[in-house]
């Protein structure tokens, strides 16, 4: 299947809000949350690396393309971070504050090597934002999309 298929986007959550708040103290802190918190504390060198990656992504290139071919989850992380999103173990979240559901189109395409998601966001007279990113190998066949409080959530 080498053609793009639309993904339905829900506006309702299943009984609970999708939260971004994670406790960062006590003994119940998840190691991945601590690592993410550490990564968010940037030094000057981290800022330089981030700017370099931003320039490459803006130019339509992936940083370290050879690594991205071997580890597609890194390509996913770079592209999601370029739009200020967040990658979770079971999905991702992308803030689209100011956009309406009618402005968002989400498509999926399966190739022999991987499955790709294409996100298109219309913004009035501005050019359409189009981003394509690979899904990780552990992503299930069923992709669930929801748009809640200005954030697009994809779960697999």
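Full-extension gain between residue 55 and residue 126, please, as 0.36 nm times their residue separation minus the C-alpha to C-alpha distance. Before the final figure, lay out the partial values.
Working: separation 71, 0.36 × 71 = 25.56 nm, distance 2.00 nm.
The span from residue 55 to residue 126 would gain 23.6 nm if fully extended.
For a quick protection proxy, order the peptides 74-84, 92-102 by their average other-Cβ count within 10 Å, most packed first.
Numbers: 74-84: 18.0, 92-102: 14.5.
In descending order of packing, they fall as 74-84, 92-102.
With r as the distance between the Cβ atoms of residue 101 and residue 38 and R0 = 25 Å, compute the FRET efficiency 1/(1 + (r/R0)^6) and round to 0.05.
Numbers: r = 35 Å, r/R0 = 1.41.
Efficiency, rounded to the nearest 0.05: 0.10.
When a/c is below 1.5 the answer is rounded, else prolate if a/b is larger than b/c, else oblate, so apply that to the range 82-127 with a ≥ b ≥ c taken from the square roots of the Cα gyration tensor eigenvalues.
Working: a/c = 2.52, a/b = 1.42, b/c = 1.77.
Oblate, since a/c reaches 1.5 and b/c is not below a/b.
FYI, it's all coordinate maths here, none of it is from the lab. Treat the numbers as computed from the prediction; the structure is a model and nothing was measured. Here Cβ is always computed from backbone atoms with ideal geometry, including for glycine, and neighbour counts include all displayed protein chains.
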